[in-house]
1. Among the residues of the range B:192-203, count how many are over 8 Å from B:THR159 (Cβ atoms) and open to solvent by 10 Å² or more (accessible area, probe 1.4 Å).
2. If you take just the strands (runs of 3 or more DSSP E) that sit entirely in the range A:75-183, which of them hold at least 1 residues that are under 30 Å from B:ALA158 (Cα atoms) and in contact with a strand residue (DSSP E or B) (Cβ under 9 Å, 6 or more places away or on another chain)?
3. Name every residue in the range A:204-222 that is crowded, with 20+ Cβ neighbours inside 10 Å, more than 8 Å from every other protein chain (Cβ to nearest Cβ) and touching a helix residue (DSSP H, G or I) at 6+ places or on another chain (Cβ under 7 Å), in order of residue number.
4. I'm trying to understand the selection: among the residues of the range A:204-213, which are acidic (Asp, Glu) and either part of a loop (DSSP other than H, G, I, E, B) or over 24 Å from B:ALA158 (Cβ atoms) (or both)?
5. Does the range A:155-163 contain any residue that is within 13 Å of chain B (Cβ to nearest Cβ), within 18 Å of A:MET121 (Cβ to Cβ) and of a type in the set (Val, Ile, Thr)?
6. Are there any pairs, at least 6 apart or on different chains, whose C-beta atoms fall under 8 Å, with the first in the range B:180-203 and facing chain A (nearest Cβ under 9 Å) and the second of a type in the set (Asp, Glu) and assigned to a loop (DSSP other than H, G, I, E, B), and if so, which?
7. With the requirement that a residue be closer than 15 Å to B:ILE230 by Cα, of a type in the set (A, V, I, L, M) and either open to solvent by less than 10 Å² (accessible area, probe 1.4 Å) or free of Cβ contacts under 8 Å to residues at least 24 places away in the same chain (or both), what does the range B:114-142 give you?
Number of protein chains: 2
Amino acid sequence: MLFFTQCFGAVLDLIHLRFQHYKAKRVFSAAGQLVCIVNPTHSLQYAPTLCAAAQTSTEQGILPPCHHHEAVHDPQLVPCMCPLFSCPWEGHLEVVVSHLRQTHHINILQGAEIVFLATDMHLPAPTDWIIMHSCLGHQFLLVLRKQEKYEGHPQFFATMMLIGTPTQADNFTYRLELNRNQRRLKWEATPRSVLECVDSVISDGDCLVLNTSLAQLFSDNGSLAIGIAITTSKVHSSEAEV
Amino acid sequence: MLFFTQCFGAVLDLIHLRFQHYKAKRVFSAAGQLVCIVNPTHSLQYAPTLCAAAQTSTEQGILPPCHHHEAVHDPQLVPCMCPLFSCPWEGHLEVVVSHLRQTHHINILQGAEIVFLATDMHLPAPTDWIIMHSCLGHQFLLVLRKQEKYEGHPQFFATMMLIGTPTQADNFTYRLELNRNQRRLKWEATPRSVLECVDSVISDGDCLVLNTSLAQLFSDNGSLAIGIAITTSKVHSSEAEV
């Protein structure tokens, strides 16, 4: 009987996932778009990342540079930037992707335009939704974070980072798009490098920010579909040359 | 000497305004766009609007309908929706525009695409920046509000309302666009009718929401340029028919 109940539950889950997938595809109806269902990484005991730890140790609330900018002797070594884990790993940029895949089981997706479908948006803060995105010969890290900057008022922060140097990051533009209920919200920016800290990007608020009510307006059945597109930013690089 | 100082100050002000105007035009470089400099309406003693007054009188924090939905005997009469003023005026939709122009000196602008340049973004909350926008045979009210939803953390809320009925409002889509520092933020939605309350739109968060850090990233010298475009929403109306 227990076996039957479990099987039935699994079938229901599959139907639910298929339905979510169909709905996300319908919202972002461009042909050939890949929909990726991203489950949350929820930590009841918030494990401060290296950056957050560095921040705590600084007095007067002045934002410090990330840990790896001040304490790592080899400037080419980066710590694990996987948020919500206090992972002691550090390594070269070239091996960051394999570390994130193997140790933290973060998915990697191919394609210029994908749909990131974050499930269980109701989970309490802090919660992260993370995927990697392989595109235009580079790998990007998309982080959606639910965090309480002001106690009792969780907000959602979404940003894209290049697994590469800041100079490489300047060559790209990423776009995040929410589209539901006759409302559309688009954020376009140059990705930051993972050598900068995801925590400081979020605390600076230099990303797509959603309060709970907007997130609910864009969510469907507890899931938030974010359309992602990455392009090379020729305009920006030519502006920089002027 | 005093006269000379005042004249010199006025000339400096003019140069400053001209410079702001030029910069806003440069940011939104589409030909023929009208740039409107909007000064804030700041109220040190926050005068609750009729809606807010109705809200205060309701117990248990349940959001009440706007005052004019429950207390006005003639349903075609609307109160003055000019935020931050407790104006006792009420009248028919057809005379709202002339009331706002004559009593509250709110500018009205023509054109499908305009740039709204809000000055003095640093002023403490609550502050409003308001203009009317005449386009596609209708008049719209654009409200940018700085408000502290969470004490000590002011946010900016921008929304567009049709000076007309909700059914008429459903035929339009408005777009607000911020563009600066290699970042772009776009909000698209169906305008609300002024028969709904601007206060409840903002408290629901169903509008463009900016926290202070994002507002600073998009501001230039204390002024925020918002590109505004209004279109007829044929897609939405055909969707509604299905």
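1. Quick first cut of the range B:192-203, residues over 8 Å from B:THR159 (Cβ atoms) only: B:193-197, B:199-200, B:203.
Next cut, open to solvent by 10 Å² or more (accessible area, probe 1.4 Å) only: B:195-196, B:199-200, B:203.
Summing the residues that are over 8 Å from B:THR159 (Cβ atoms) and open to solvent by 10 Å² or more (accessible area, probe 1.4 Å) in the range B:192-203 gives 5.
2. Working: elements: A:77-79, A:90-92, A:108-110, A:113-118, A:127-135, A:138-150, A:153-162, A:172-180.
Qualifying strands (runs of 3 or more DSSP E): A:113-118, A:127-135, A:138-150, A:153-162, A:172-180.
3. Hit for the range A:204-222 is A:CYS207, nothing else.
4. Result: A:ASP206, single match.
5. Our first condition is that a residue be within 13 Å of chain B (Cβ to nearest Cβ); within the range A:155-163, this holds for A:155-160.
Imposing the further condition that a residue be within 18 Å of A:MET121 (Cβ to Cβ) reduces the set to A:155-159.
With of a type in the set (Val, Ile, Thr) added as a condition, the list becomes A:159.
Yes, the range A:155-163 contains at least one residue that is within 13 Å of chain B (Cβ to nearest Cβ), within 18 Å of A:MET121 (Cβ to Cβ) and of a type in the set (Val, Ile, Thr).
6. B:ARG183/A:ASP206; B:ALA189/B:ASP206; B:THR190/B:ASP170
7. Start the filter on the range B:114-142 by keeping residues that are closer than 15 Å to B:ILE230 by Cα, which leaves B:114-116, B:131-142.
Narrowing further to those that are of a type in the set (A, V, I, L, M): B:114-115, B:131-132, B:136, B:141-142.
Passing the criteria: B:ILE114, B:VAL115, B:ILE131, B:MET132, B:LEU141, B:LEU142.
The values are calculated or read from the model by the stated rules, or taken from the named source; none is laboratory data. Because the structure is predicted, anything quoted here is derived from the model rather than measured. A quick note on method: Cβ atoms are made from the backbone with ideal geometry, for glycine too, and the neighbour counts reach across all protein chains shown. The accessibility values were calculated without ligands, DNA or RNA, using every heavy atom of the protein model including side chains. Shrake-Rupley method; radii C 1.70, N 1.55, O 1.52, S 1.80 Å.
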